[in-house]
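Below: the structure, in C-alpha cells.
FYI, it's all coordinate maths here, none of it is from the lab. Quantities reported herein were computed from a predicted structural model and do not represent experimental measurements. In this analysis, Cβ positions are derived from the backbone assuming ideal geometry, glycine residues included, and neighbour counts consider all displayed protein chains.
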Amino acid sequence: MSLQTSEHDVVIIGAGIIGLTIARQLLLRSNLSVVVVDAHRPCYGATGAGQGYVWMSYRTPGSDTWELAGRSKQLWEELADEVRAQGSDPLDVLGWKRTGSILVGRTATEAASLLERVKLLKNAGVRAEYLTTMELKFREPSLEVGEEGGAALVPDDCQIDARRTVDFILKCNRCYVSQGRYAEFFDEPAISLSSSKKGEEDKDAVKTSQRFLCYKKAVVIAAGAWSGSLLKGLVQEPDLMPEIPVMPRKGHLLILKNPETNIIQVNHGLMEVGYIDSEASHSPEVGAEDMENLPSISMAVTKDVNGSLVIGSSREFSGFSREVDENVVKDMMARAGEFFPALRNLPFLDDKPVIGRLPCLPKVLLATGHEGNGLCLSPVILFSFFSGIVGVANPVNARDNALLKDELMDYWLLAGFDVYKGFAINEDCGEHFNESFAASGDWESYLHHVLYFDL
C-alpha cells in the first residue's frame, strides 16, 4: 500500500498539552504550517491524568523551574483574561479556578518550615500568608492537623481542567485548517524519520503508520515520557543519539463523586508539605536503582471543575505500567483520612463484583470482577440480570435483586497515564469502549463500585 504524502513547515509528535500548545503558538505568532501526530488521542498520557495545579506554593524561589513556573502562571492568567474578554467564562472553557493553595504541616518542625517558606515566597514577590491551626480551621473546617501544625496559604494559585483546556486549544488550532496551516492525525504512531520522494526531490519526512509528513523547518518531539524511546526508534542510528533524561513516573488519583462527600468541605487546593520532599526524592536525579519499588504517598486534595473530590497522590518509577494498584489506592485513602477524619469511615474497595447498567449507555450492562468466584456466584448474578434485560421482576426470588443492589459510593480510579475521560479502563478493553463513550458525550456519568475491568 502506498502511503499518502503531505507537506508542512513543522511536524509535532505528541498531542499532549505541550505539543498542542507549541502548535497553537506557532499558528498564532507565525505563518508556518503545522501538523500534530500522535499514536493515541489527546489526553492519553500524563496530560489527562494531572490535577491541573498552576501553583507557586510548593516551588522554591531560585530553583531551576522557578522562573519558568512564574512566567507560565502569568501566561495562563493572561489566557483566562483573554477568554473572559471574549465573553466566555474561563471556568467553563478552561476549568480555570483561582482556588488558592494551602500547604499543611502537622508537626512543629513542619510548621517552622512552612513559616520559612512563606518568608521566601514573599521575598520573591509572591503573595503568601502563614496560618496558625486556628486560622487554618476557619478556612478549612474539615481539615485536621493537630495543635502543633500550621499552614502556608498562597491565595493566587490556580488550577485548570486538562480536558477542557485541551479541547479549547484544539478548537483554536482547527480554525487554521481552512487556511491549510493546520492538520492533525491521531491514533497514528510515528515510525521513523526518513525521506519521501516528491517528484525528483527527496524531502525530509516523518513516516507514520499511514503517511509521510514532509517538513521544511523542524520536527518537534513532545511525547512526554515516551520521547526518549520514541526518538531512538525514529532514527536509523539510535546509538548516536544522546540519552534523554526523562523517565515515566506513575501516579494514582482517586476521584469521589457522591452526595456523601458533601460533608467534606474543601475550599482550596490542599497538599501536605511532605509532598515537596517526596517529589524531590522521586526525581530523575536520584538514580533509577534507588527509585525502584519506592512508591511515595502524600496527601493532596482538591475539588475538580465538576465538584468531585480529587484525592492524591502517589508517585513511583515503575516503567510504563498502567495497572491500578489496589494497595496504593488504599494507602492514599488512609493518608487522606489522617487529615480529613470524615473520609475514614467511607466505604471503599470491597469484594463485590462490578454489576450494573452503564448510565451513559443504558443498554449496556456489566457483569465482571468476580475475582475467581464466577462459578460460585453465577446463579445469583443471572437472577440479578433477569429483570434488567427482560424487564420484569426476578421470577425466582426478589431477594436476589436486592442482594446485589449498589448502595456504596461512586468513584473513579485514575492510574498513571491510563485515563480516558475519567474512566480507569485497562488497555485491553479501553479501545473497545472509547468509541462508545465518545459517541455518548456524557462524560459526567459514572460507574458503580470499583472500576477494575477484567473483560
Cβ-based exposure ranking for Ser313, Ser2, Ser308, in which fewest neighbours within 10 Å come first: Ser2, Ser308, Ser313
Expressed in whole Å with the largest first, what are the equivalent ellipsoid semi-axes of the range 153-278 derived from the C-alpha gyration tensor as the square root of 5 times each eigenvalue? 41, 22, 13
Estimated vicinal HN-Hα couplings, Hz - the range 101-108 in sequence order (Karplus 6.51, -1.76, 1.60; Gly, Pro = x): 10, 10, 8, 10, x, 10, 10, 4
Is the shape of the range 53-160 rounded, prolate or oblate, going by the alpha carbon gyration tensor and its root eigenvalues a ≥ b ≥ c, with a/c under 1.5 for rounded and a/b larger than b/c for prolate? oblate
Full-extension gain in nm, Asp202 to Asp187, via 0.36 nm per residue minus C-alpha separation: 2.7 nm
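Here is the link list: Lys97/Lys171; Lys137/Lys330; Lys257/Lys303; Lys73/Lys137. Which ones come out longer than 18 Å on Cα distance?
As for pairs spanning more than 18 Å Cα to Cα, those are Lys97/Lys171; Lys137/Lys330; Lys73/Lys137.
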Site Lys217, offset 7 angstrom along Cα→Cβ, radius 16 Å on amide nitrogen, limited to the range 1-28, gives 7-13, 19-28
I want the local charge near Leu32. Using Cβ-Cβ distances under 13 Å, sum +1 for each Lys or Arg and -1 for each Asp or Glu among the other residues. +3
Report the extension gain between Gln265 and Gln236 in nm, rounded to one decimal, defined as 0.36 nm multiplied by the number of residues separating them, less their alpha carbon distance. 4.9 nm
Do you know the relative contact order of the range 53-160, to the nearest whole percent, from alpha carbon pairs under 8 angstrom that are 6+ apart? 39
Spacing of the two label points (7 Å from each Cα toward its C-beta) at Asp277 and Trp66, in nm: 2.1
Quick one: grab the alpha carbon gyration tensor of the range 122-208, order the square roots of its eigenvalues as a ≥ b ≥ c, and give me rounded if a/c is under 1.5, else prolate or oblate depending on whether a/b is larger than b/c. prolate
